[in-house]
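The values are calculated or read from the model by the stated rules, or taken from the named source; none is laboratory data. In this text the structure is predicted, and so the values were computed from the model without any measurement. No Cβ is skipped: glycine too gets one built from the backbone with ideal geometry, and neighbour counts run over all protein chains shown. All accessible areas refer to the heavy atoms of the entire protein, side chains included, with ligands and DNA or RNA removed. Shrake-Rupley method; radii C 1.70, N 1.55, O 1.52, S 1.80 Å.
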Amino acid sequence: LLKVEGLAKVYGGVHAVDDVDFVAQAGRISGIIGPNGAGKTTLFNVITGLDEPTRGRVLFKGRDITGFAAHRITKLGIARTFQNIRLFKELTVIENIMVGRHVRAGHPTLERMRTLNALHSLWSRDKVERSIYLSARRWLEFFALEQSAKELARNLPYGKQRALEIARALATDPTLLFLDEPAAGMNPAETRELLGTIKRVNDLGITIVLIEHDMKLVMNVCERITVLNYGKKLAEGTPEEIKNDPAVIEAYLGREE
Ligand code: ATP
C-alpha cells in the first residue's frame, strides 16, 4: 500500500532520517521502534506531508506523493495521530470528529456556491452538515463515546482523549492510519483497551503503522517491525526476529565492555 524509498530528512547538521526504505503491506499492522531521537516521528512527518523530505520518494498505491501537502495526503486516504494530544480542546467530542469528516463532505466549490441562490446553498449546506454528523455518530459508537458526545474534549479522561484523536483521524476515512505513540502516558488498563481498539480498526480493513515505546503492545499487535537508530534502518522482521536481534538489543541496552 505504501512504499518509502531512500527517504532522508536533514535538519542543519542532523540526519534525522537517513536513507530509509520502508513498506506497509495492505491490511497489516506494522510497528516502528527505536531509541529516543531515532527519527521515528520525523519519518511519519515526511510521509504525511507535515515536513518535506530532503531526499527520497513516498509511493502510496503506486502513486508518487512525495512532498504533497498534508491536506492532500489526507484526502488520498492517509490519516494520522500525534505523539502529544492535539484535539480541539474547546470543541465538543462530536465536533472534533466532525472536523475530521469535513475532508470527505464534498462541500460545493466556491464557484458552484456563487451560482446557487442563497437559499439553495443554505439548504445544501445543511444536508452536508447532517451527513457529517451522522458519520461522526458512527465513530462515537465504535469508540463507545456516545455518553460524552456533548462534553468538551478537554474534560475527557486522558485515555478517552487519545481514543477521540483516533476517532477524528478515522473520520477522514483512511485506508492507511499512522499512530504516533498511541499508548504514551496510558495506564495498563487504558493500554489494554487501546490494543483491542487497534485490532478492531485493523479488522475494518484499515492498514496501520504505529510508533510505540511500549514493547508489550508492539510485540502483541504488530506483524512486522522496523527498527530505526540514528535515522537509519537497523533491523526489520517479525516480533520474534526483532526481540532476538543482537543489533537491536545493543541499540537499546548498550554493549558490555
Ligand atoms: P522520540 O522517541 O523521542 O519521539 P523520534 O525517534 O521520534 O524520538 P525524532 O523526533 O524524529 O525522533 O527526531 C530525530 C532527530 O531529529 C532528533 O535528533 C531531533 O532532535 C531532530 N529533529 C526532529 N525534528 C527537528 C526539527 N524540526 N528541527 C531540528 N531537528 C529536529
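Residues that are without any contact (Cβ under 8 Å) to a residue 60 or more places away in the chain and not small (Gly, Ala, Ser) were ranked within segment 159-186; the one that is farthest from THR92 (Cα to Cα) is MET186. Considering only residues in segment 65-103 that are of a type in the set (S, T, N, Q) and surrounded by 14 or more Cβ atoms within 10 Å (Cβ to Cβ), the one that is farthest from ASP19 (Cα to Cα) turns out to be THR92. Set side by side, the residues GLY34, GLY62 differ, and just one is open to solvent by less than 20 Å² (accessible area, probe 1.4 Å), of a type outside the set (Ser, Thr, Tyr) and on the phi > 0 side of the Ramachandran plot, which is GLY34. Out of all the residues in segment 142-160, is one or more over 24 Å from ASP19 (Cα atoms), touching a Lys or Arg at 6+ places or on another chain (Cβ under 8 Å) and polar (S, T, N, Q)? Checked against the condition, which is being over 24 Å from ASP19 (Cα atoms), touching a Lys or Arg at 6+ places or on another chain (Cβ under 8 Å) and polar (S, T, N, Q), segment 142-160 yields at least one hit. Within segment 223-234, the residues that satisfy the criterion of being open to solvent by 10 Å² or more (accessible area, probe 1.4 Å) and within 12 Å of GLY34 (Cβ to Cβ) are ASN229, TYR230, LYS232, LYS233, LEU234.
Among residues of segment 63-91 that are within 15 Å of VAL209 (Cβ to Cβ) and assigned to a strand (DSSP E or B), those with a beta-carbon under 8 Å from a residue that is open to solvent by 40 Å² or more (accessible area, probe 1.4 Å) and modelled with pLDDT of 95 or more at least six positions away or on a different chain give the pairs ILE78/THR175.
Any residue at all in segment 104-115 that is at pLDDT 70 or above and open to solvent by less than 60 Å² (accessible area, probe 1.4 Å)?
Looking through segment 104-115, at least one residue is at pLDDT 70 or above and open to solvent by less than 60 Å² (accessible area, probe 1.4 Å).
Restricting segment 236-245 to residues that are open to solvent by 70 Å² or more (accessible area, probe 1.4 Å) and assigned to a helix (DSSP H, G or I), the residue that is nearest to ASP21 (Cα to Cα) is GLU241.
Close Cβ contacts (under 6 Å, 6 or more residues apart or on different chains) running from residues in segment 194-219 that are within 15 Å of GLY77 (Cβ to Cβ) and modelled with pLDDT of 95 or more to residues that are polar (S, T, N, Q) and buried (at least 19 other Cβ atoms within 10 Å of the Cβ) comprise VAL209/SER30.
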